[in-house]
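Structure first, then comments.
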């Protein structure tokens with residue numbers, strides 16, 4: 001079992017007394033005298049140390065009878081970085097909870113995806129987080145409900161349904177218990193300038209659109225993050241428009257379109273959904289794609305210990321790893337991009353989108369399709385693919401295994417096991433397996449020593465340029481080698497390293 005930061009009492013007390021926002025989401029402070037729980041950076045006068053106790057999750061605080069602070073709003077903290085840097089059972093379970101699996105499939109469905117019994121999953125989550133999967137899902141529902149109450153004009157009955165509650169009564173009781181306010185009282189507290197129809201929006205919202213703020217831990221450098229997504233955008237599925245990265249989303253209950261705009265202290269998010277029940281999943285996947293739950297201070301401090309990387313980190317700290325909202329989609333695109341230029345890869349993908357993607361309407365932009373599902377791609381004629389025969393075999397084998405479940409790239413996947421499965425596929429070498437591990441699976445330690453851009457950067461910086469020697473040198477960067485890749489790539493003038501200009505791309 002992992003030993004969480006909440007067990008280090010003296011360190012937690014110091015973080016609370018200094019109001020250190022870097023630790024928001026790492027742990028929660030429960031105040032014994034007031035029975036509220038806060039984020040470490042809460043602006044109120046810190047309580048006496050003897051009146052503090054610490055929990056690893058908001059759900060554990062709620063289970064212990066504490067209510068959320070009305071000043072610091074601990075439920076809006078960035079997620080714990082723990083779940084994105086680990087691949088053990090608890091971390092994989094937390095990623096599935098964030099993806100809404102407990103609400104859709106129950107605890108048995110969660111356990112089945114993990115390959116354990118419900119009892120084993122419950123026991124491990126309770127031991128580390130102080131709350132089981134049902135309590136964790138309940139806390140997430142409460143957070144989603146508050147978000148909708150404060151940022152949308154939706155009727156309360158629709159909010160209850162969208163947040164995943166089974167009844168209006170359960171919704172009302174949960175909100176009162178967690179926030180010590182009724183849903184109507186929560187909405188009444190929203191300042192007029194932040195009213196549901198205007199918050200986060202640069203323009204009037206289209207019917208059915210929601211405007212949200214996605215928090216992150218500072219610093220965040222948006223250049224390579226949004227630059228990479230925009231430079232590799234597949235026409236019809238993704239675009240850069242009016243300072244925002246926009247894309248279509250395939251979701252459990254329907255589809256959506258999201259627009260994400262970098263701001264100094266948050267990511268502005270405008271999302272339109274065909275089914276509001278997908279809101280939690282859509283937010284979770286966007287946060288994951290933008291790596292918003294990362295701990296940039298820990299990452300950068302580690303990479304600065306190498307004299308070759310230190311100037312790169314100091315010049316532009318807070319780089320994130322651009323990831324994906326759909327792991328199967330990214331794996332397909334990785335194969336399409338083997339040994340061809342970025343432009344050629346986009347062209348290949350755009351042809352598949354036009355032929356096999358599901359059409360969508362986009363009144364606010366130029367998006368036209370969802371990326372084709374593996375099932376749709378399995379029906380295509382391999383001879384129609386404009387690529388060498390060997391790569392056609394790679395493509396069809398990958399799609400076949402994604403369809404029959406032999407290969408699982410979901411958030412619950414075991415990184416090491418999945419990488420081994422990928423390497424066993426025809427046409428899959430270390431580069432393809434590792435780029436999927438880095439950007440689809442979310443492994444923060446994935447490394448690309450054979451990548452041409454990495455080798456050029458290494459040579460320019462005086463690092464070893466052969467894959468074996470560079471891998472040996474990179475051992476000191478662990479467990480953050482995927483972030484080192486971003487800093488090394490940034491030495492080049494490729495468009496992936498620059499925030500696009502205003503307009504379309």
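The values are calculated or read from the model by the stated rules, or taken from the named source; none is laboratory data. Model, not experiment: these values are computed from the prediction. Here the Cβ is made from the backbone with ideal geometry for all residues, glycine too, and neighbour counts use every protein chain on show.
Summary table
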quantity: Conditions (1) under 23 Å from residue 432 (Cα atoms); (2) in contact with a helix residue (DSSP H, G or I) (Cβ under 7 Å, 6 or more places away or on another chain); (3) surrounded by 18 or more Cβ atoms within 10 Å (Cβ to Cβ): number failed by residue 353; calculated: (2)
quantity: Residue satisfying condition, being surrounded by 18 or more Cβ atoms within 10 Å (Cβ to Cβ), outside the structural domain of residue 27 (by TED's automatic domain parsing) and more than 14 Å from the chain's Cα centre (by Cα), within set 318, 254; calculated: 318
quantity: Where residue 78 falls short, out of the listed (1) part of a loop (DSSP other than H, G, I, E, B); (2) surrounded by fewer than 22 Cβ atoms within 10 Å (Cβ to Cβ); (3) modelled with pLDDT of 90 or more; (4) within 23 Å of the chain's Cα centre (by Cα); calculated: (3)
quantity: Test: residue in segment 492-504 that is more than 30 Å from residue 397 (Cβ to Cβ), exposed (fewer than 15 other Cβ atoms within 10 Å of the Cβ) and in contact with a strand residue (DSSP E or B) (Cβ under 7 Å, 6 or more places away or on another chain); calculated: yes
quantity: Residue selected from segment 1-21 under the condition in contact (Cβ under 8 Å) with a residue 12 or more places away in the chain and part of a loop (DSSP other than H, G, I, E, B), by the criterion surrounded by the fewest Cβ atoms within 10 Å (Cβ to Cβ); calculated: 1
quantity: Residue ranges of helices (runs of 4 or more DSSP H) in segment 271-373 with at least 3 members closer than 30 Å to residue 402 by Cα and modelled with pLDDT under 95; calculated: 279-289, 342-356
quantity: Residue list for segment 22-55, restricted to those being touching a helix residue (DSSP H, G or I) at 6+ places or on another chain (Cβ under 6 Å) and either over 21 Å from residue 131 (Cβ atoms) or not in a strand (DSSP E or B) (or both); calculated: 22, 23, 26, 32, 33, 39, 40, 41, 46, 49
quantity: Hits in segment 432-454 - residues which are touching a residue at least 24 places away in the same chain (Cβ under 8 Å) and either surrounded by fewer than 18 Cβ atoms within 10 Å (Cβ to Cβ) or outside the structural domain of residue 330 (by TED's automatic domain parsing) (or both); calculated: 453
quantity: Test: residue 458 is out of contact with any strand residue (DSSP E or B) (no Cβ under 7 Å at 6 or more places or on another chain), farther than 19 Å from residue 81 by Cα and modelled with pLDDT of 95 or more; calculated: yes
quantity: The lone exception for residue 63 - which of (1) under 28 Å from residue 296 (Cβ atoms); (2) modelled with pLDDT under 95 it fails; calculated: (1)
quantity: Enumeration of residues in segment 122-160 that are part of a helix (DSSP H, G or I) and out of contact with any helix residue (DSSP H, G or I) (no Cβ under 7 Å at 6 or more places or on another chain); calculated: 123, 126, 127, 147, 151
quantity: Pairs where the first residue, in segment 455-482, is outside the structural domain of residue 295 (by TED's automatic domain parsing) and the second is part of a loop (DSSP other than H, G, I, E, B) and modelled with pLDDT of 95 or more, C-beta under 8 Å, 6+ apart; calculated: none
quantity: Selection count where residues are surrounded by fewer than 22 Cβ atoms within 10 Å (Cβ to Cβ) and in contact with a helix residue (DSSP H, G or I) (Cβ under 6 Å, 6 or more places away or on another chain), scope segment 165-182; calculated: 3
quantity: Filter result (surrounded by fewer than 17 Cβ atoms within 10 Å (Cβ to Cβ) and within 27 Å of residue 482 (Cα to Cα)) within segment 84-119; calculated: 88
quantity: Which listed residue is surrounded by fewer than 16 Cβ atoms within 10 Å (Cβ to Cβ) and in contact (Cβ under 8 Å) with a residue 24 or more places away in the chain, from 368, 324, 390; calculated: 390
quantity: Extreme residue, modelled with the highest pLDDT, among residues of segment 192-226 that are more than 30 Å from residue 356 (Cα to Cα) and in a strand (DSSP E or B); calculated: 221
quantity: Count - residues of segment 402-412 that are crowded, with 19+ Cβ neighbours inside 10 Å and either out of contact with any helix residue (DSSP H, G or I) (no Cβ under 6 Å at 6 or more places or on another chain) or in a helix (DSSP H, G or I) (or both); calculated: 1
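Yes or no, residue by residue, for (1) at pLDDT below 90; (2) not assigned by TED's automatic domain parsing to the domain that holds residue 58:
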position	(1), (2)
95	no, no
99	no, no
106	no, no
113	no, no
119	no, no
129	yes, no
140	no, yes
149	no, yes
